[in-house]
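Take a look at the structure set out below.
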Amino acid sequence: MNLSTLIAEAREKQASDLHLEPGLPPAFRVRGKLELGPQPLGGRILLDLAREVIGEGSWPDFIARRSFDGSRVVAGARIRVNVLQTARGVGMAIRLLGATQPSLESLNLHPDLAKLVTPSHGLVLVSGPTGSGKTATLAALVEHINGRQARHVLSIEQPIEYVFRPRRAFIRQREVGRDTPSFDQALLDALREDPDVIVVGEMRDPETMRLTLAAAETGHLVLATLHASTAGEALSRLVASFPAEAQSGVRAQLAACLNAVVCQRLTWWPAAGCRVPEIELLTATDAVRNHIREGNIFKVRSAMDTGARDGMWTRPRYQRWLSERSQFHRPDARQTAPVSTFESEAIRPAGAMTPPRARSRQAPRPPAAAPATPPPADGAVVIEDDHVHIGDLIAQIERS
């Protein structure tokens with residue numbers, strides 16, 4: 001069993017995610033639901049696969065942190081992979097990314113979203129729950145700029161999921177942990193790097209949010225993502241991340257620089273034969289800015305209900321638009337990643353650009369024999385002696 005075989009099977013099933021755990025069969029998320037494979041996977045097999053994905057250079061960091069995030073190209077498919085230590089051993093959570101560069105058309109998004117990247121400054125938030133396609137929508141907005149506008153785009157991501165080929169735009173991509181130590185440092189650097197557009201892969205903490213708001217106030221167009229279920233919740237979460245004594249100033253900043261909030265979720269659409277984004281779109285009208293400034297964020301919902309003329313979309317209105325569509329873009333699971341943009345080697349960092357030529361793939365180094373381990377906790381599912389504890393992994397590093 002190898003990772004390429006599992007990824008190929010996931011692509012055939014048109015799965016969005018693949019979960020691997022010692023002692024359990026592989027789990028494929030298809031149309032939002034999990035489908036289990038026939039055979040469980042051994043802990044030693046997954047340990048070898050994890051070491052191959054992570055690479056020898058980053059393996060000690062994984063031992064120290066018990067987790068690893070990265071993006072790779074495996075079996076012609078681009079993936080985002082999280083390797084994690086669990087009670088059963090070393091597992092992986094893999095997100096399968098689109099085979100081609102996303103666009104508003106290929107994602108079946110409304111063309112009105114193209115207007116979000118027209119302004120020269122301000123803040124655009126793309127929100128939604130985990131797995132709702134926020135990163136793909138953000139990449140589609142950047143690609144729209146790339147094909148039409150000569151602007152300097154600087155993206156800060158962890159990890160880089162979509163590698164852009166600059167066309168009209170001048171695009172720089174920085175990966176947190178590899179090219180910069182943190183989102184905060186990259187945002188501080190960005191103010192001295194003359195960007196027109198700054199892309200923040202995810203706002204996770206108050207300091208990143210503060211610097212993102214400051215960048216939007218200083219004349220840059222800032223595109224950022226945030227976990228939230230509705231547009232109003234995205235604004236509330238951003239403000240609530242700050243101490244109470246600072247929230248009044250944050251609301252004033254947000255009201256001054258906000259352009260729009262997109263909130264989306266993926267829904268299986270029978271007419272399309274695939275999952276499509278259902279969005280709600282809040283645009284920053286004078287009324288919306290006043291609601292934010294005065295702390296009445298709950299009132300933005302009524303502004304959206306009556307704001308169709310201002311380009312706002314509620315989810316029911318957007319669902320009606322989807323139901324009236326006659327043509328949808330359907331992803332083709334058989335497509336492969338373009339070699340000229342991504343590494344042709346099976347497993348390499350997605351941000352590393354190399355000439356489009358084939359590379360040999362080295363076989364993974366087999367792990368040293370692990371010492372005997374204590375019996376697993378009650379209820380743990382293992383395959384004979386295949387249980388791999390973190391102590392075993394540390395011992396392997398110490399011996400090597």
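The values are calculated or read from the model by the stated rules, or taken from the named source; none is laboratory data. Because the structure is a prediction, the values reported are computed rather than measured. Cβ placement follows ideal geometry from the backbone for every residue including glycine, while neighbour counts extend to all protein chains displayed.
Here are a few things to note about the model shown:
- Within the option set ALA114, ALA169, ALA139, being surrounded by 24 or more Cβ atoms within 10 Å (Cβ to Cβ) and either without any contact (Cβ under 8 Å) to a residue 60 or more places away in the chain or not assigned by TED's automatic domain parsing to the domain that holds GLY311 (or both) holds for one residue only, ALA139.
- The residue that is farthest from the chain's Cα centre (by Cα), among those in region 78-111 that are part of a strand (DSSP E or B) and charged (D, E, K, R), is ARG78.
- Residue among GLY122, GLY147, GLY131 that alone is farther than 22 Å from GLU202 by Cα, surrounded by fewer than 22 Cβ atoms within 10 Å (Cβ to Cβ) and not aliphatic (A, V, I, L, M): GLY147
- Positions within region 308-332 being out of contact with any strand residue (DSSP E or B) (no Cβ under 7 Å at 6 or more places or on another chain) and without any contact (Cβ under 8 Å) to a residue 40 or more places away in the chain, in sequence order: ALA308, ARG309, PRO316, ARG317, ARG320, GLU324, SER326, GLN327
- Residue, nearest to LEU266 (Cα to Cα), within region 28-52, restricted to residues that are of a type in the set (Lys, Arg) and assigned to a helix (DSSP H, G or I): ARG51
- Residue in region 147-159 that is under 17 Å from the mean Cα position of the chain (by Cα), assigned by TED's automatic domain parsing to the domain that holds CYS257 and over 19 Å from LEU187 (Cβ atoms) present: no
- Answer residue from region 12-27, given it is assigned to a strand (DSSP E or B) and under 18 Å from the mean Cα position of the chain (by Cα) and is farthest from LEU266 (Cα to Cα) among those: HIS19
- Scanning region 273-298 for residues that are surrounded by fewer than 17 Cβ atoms within 10 Å (Cβ to Cβ) and among the aliphatic types (A, V, I, L, M) yields one hit, ALA287.
- For region 15-43, the set of residues classified as surrounded by fewer than 15 Cβ atoms within 10 Å (Cβ to Cβ) and among the hydrophobic types (A, V, I, L, M, F, W, C) consists of LEU34, LEU36, listed by residue number.
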